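What follows draws every value from the coordinates through simple rules; no lab data is involved. In this text, all values refer to a predicted model and were calculated from it rather than measured experimentally. Ideal geometry is used to build each Cβ from the backbone, glycine not excepted, and the neighbour counts take in all protein chains shown.
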Amino acid sequence: MRVGLFGAGRIGVFHARTLAEHPDVDTLLIADTDAKRARTLAEQVGAEATDADTLTSSGLDAVVIAATTSAHVDLITACLDANLPTFCEKPIALGIEETLAVVERVEASGTTLQIGFQRRFDAGYWEAKRCIDTGAIGTIYSLRLASHDPDPPHDEYIPTSGGIYRDLHIHDFDVLLWLTGGTADEVYARGSVRGFEAFERHGDVDTSAALVTMADGVLAVLTGGRHDPLGYDVRTEVFGSKDSISVGLDAQTPLRSVEPDVSFPDGSGYPGFIARFADAYRAEIAVFLDVARGRTENPCPPREALEALRLATAADTSLRERRPVRLEEVGVATG
Ligand SMILES: NC(=O)c1ccc[n+]([C@@H]2O[C@H](COP(=O)([O-])OP(=O)(O)OC[C@H]3O[C@@H](n4cnc5c(N)ncnc54)[C@H](O)[C@@H]3O)[C@@H](O)[C@H]2O)c1
């Protein structure tokens, strides 16, 4: 296959390695508005650097977009115009209307757009989904979802991120909807600045907690933060009538038990998202190459990304207005 990659930043570097090592990828072309960055990465992985304006007209079979969020809509549009199967990192865009326009365009075109919700490809999340779908959990009562970054992003990233709910918790919202197969009714989100003044300057928070009420009554509690001295902590717990399970509770969980005679965990905490989800990132790209060749269904369609964004947007409004927000207030109901 001839595959193009937009973006040679943090996640682009990882996707480039995955694509370069994939046995079915014969040629990898990399473009970044920072041409030097594209050249350096291309040399490292044995790919070709090319111009961002001409990438989509290079006779490609598929494209991976790992560029800055604000570039996603234009790049997706260019790929759709060229009728190219496309993988795009989350989010499609930060706004509901803009995202909906992309979703409708993709659905009308029949071209594939797979969104980068890699947790769906993580072994633990996959097992949790199996436990729920087979009925092994029984009636779901509640979920607890945690997303704690080890260190805050650069100051310049904060005003472009869309806030902690759209940037960090979007993954929690996606797995909540994906795991339960349900729809959200209401969210009440709070947040505060506990350590990093830069978030306050940009109207954002570094510490978050939210309560989501699903339409069937399932309750989900989220916690998050931009600093965790022990590492990158992403966990999900599901409590049901037949079983209670945890995703992300392993030897590298950045959480120290202080119970006497308990030495858990016995490894050092995950240093960051790449270490925690390396296998999942590789798996989502491998599946995308199959999707691009029509061998399997798109596992992360853009309409599901829109639903996660609606929930994140409701949380953002709730945080700002200090009140519970019903999902029906946020854009179109598409469920
Ligand atoms: N799924 C995940 O867990 C995950 C993790 C990290 C980042 N992301 C997403 O991936 C995207 C990139 O994040 P990052 O952390 O790698 O950012 P980054 O800032 O490290 O890299 C972004 C790169 O895109 C390049 N770029 C900007 N506009 C471009 C364009 N029009 N064409 C080509 N290149 C362009 C920039 O020069 C930069 O090299 C973001 O949308 C982010 O939300 C997802």
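When a/c reaches 1.5 or more, the comparison of a/b and b/c decides; with that in mind, is the stretch 15-60 rounded, prolate or oblate per its Cα gyration tensor?
oblate
Classify the stretch 272-330: rounded, prolate or oblate, from the alpha-carbon gyration tensor (a ≥ b ≥ c, eigenvalue square roots; a/c under 1.5 rounded; otherwise prolate if a/b is larger than b/c)?
Oblate is the answer for the stretch 272-330, as a/c is 1.5 or above yet b/c matches or exceeds a/b.
By how many degrees, 0 to 90 and rounded to 10, does the Cα axis of helix 302-321 deviate from the longest principal axis of the chain?
It works out to around 50 degrees.
With the cut-off at 14 Å, report for the stretch 98-164 the share of all Cα pairs above it, as a whole percent.
Tail fraction, whole percent: 78.
Of all DSSP beta bridges located in the chain, what percent are antiparallel, nearest 5?
55 percent
What whole-number value in cubic angstrom gives the convex hull volume per residue for the C-alpha atoms of the stretch 205-311?
180 Å³
With no solvent and one point on each alpha carbon, what is the Debye value of log10 I(q)/I(0) for the chain at q = 0.09, 0.11, 0.16 Å⁻¹?
Cα-only, vacuum Debye calculation for the chain: -0.48, -0.73, -1.50.
Calculate for the chain the 222 nm mean residue ellipticity that helices alone would give, adding -39,500 (n - 2.57) per DSSP H run of length 4 or more and normalising by residue count, nearest 500 deg cm²/dmol.
After summing the helix terms and dividing by the residues of the chain, the value is -11000 deg cm²/dmol.
Using the alpha-carbon atoms, what tilt in degrees (0 to 90, nearest 10) does helix 170-180 show relative to the longest principal axis of the chain?
Helix 170-180 and the main axis of the chain meet at about 70 degrees.
Rg over Rh of the stretch 70-207, using C-alpha atoms and the Kirkwood radius, what does it come to?
The Rg/Rh ratio comes out at 1.00.
Classify the stretch 1-147 as rounded, prolate or oblate, taking a ≥ b ≥ c as the square roots of the eigenvalues of its Cα gyration tensor: rounded when a/c is under 1.5, otherwise prolate if a/b is larger than b/c and oblate if not.
Prolate, because a/c is 1.5 or more and a/b exceeds b/c.
Given charges of +1 on the Cβ of Lys and Arg and -1 on the Cβ of Asp and Glu, with all other atoms neutral, how large is the dipole of the chain about its Cα centre, in debye to the nearest 20?
280 debye
Between the helical axis of 35-45 and the dominant principal axis of the chain, each derived from Cα atoms, what acute angle in degrees is found, rounded to the nearest 10?
For 35-45 against the chain, the angle is about 80 degrees.
Label points 7 Å out from Cα along the Cβ direction at residue 70 and residue 48: separation in nm?
Label at residue 70, label at residue 48, 3.1 nm between them.
If you take the beta carbon distance between residue 200 and residue 96 as r and set R0 to 25 Å, what does 1/(1 + (r/R0)^6) give as a FRET efficiency, to the nearest 0.05?
0.45
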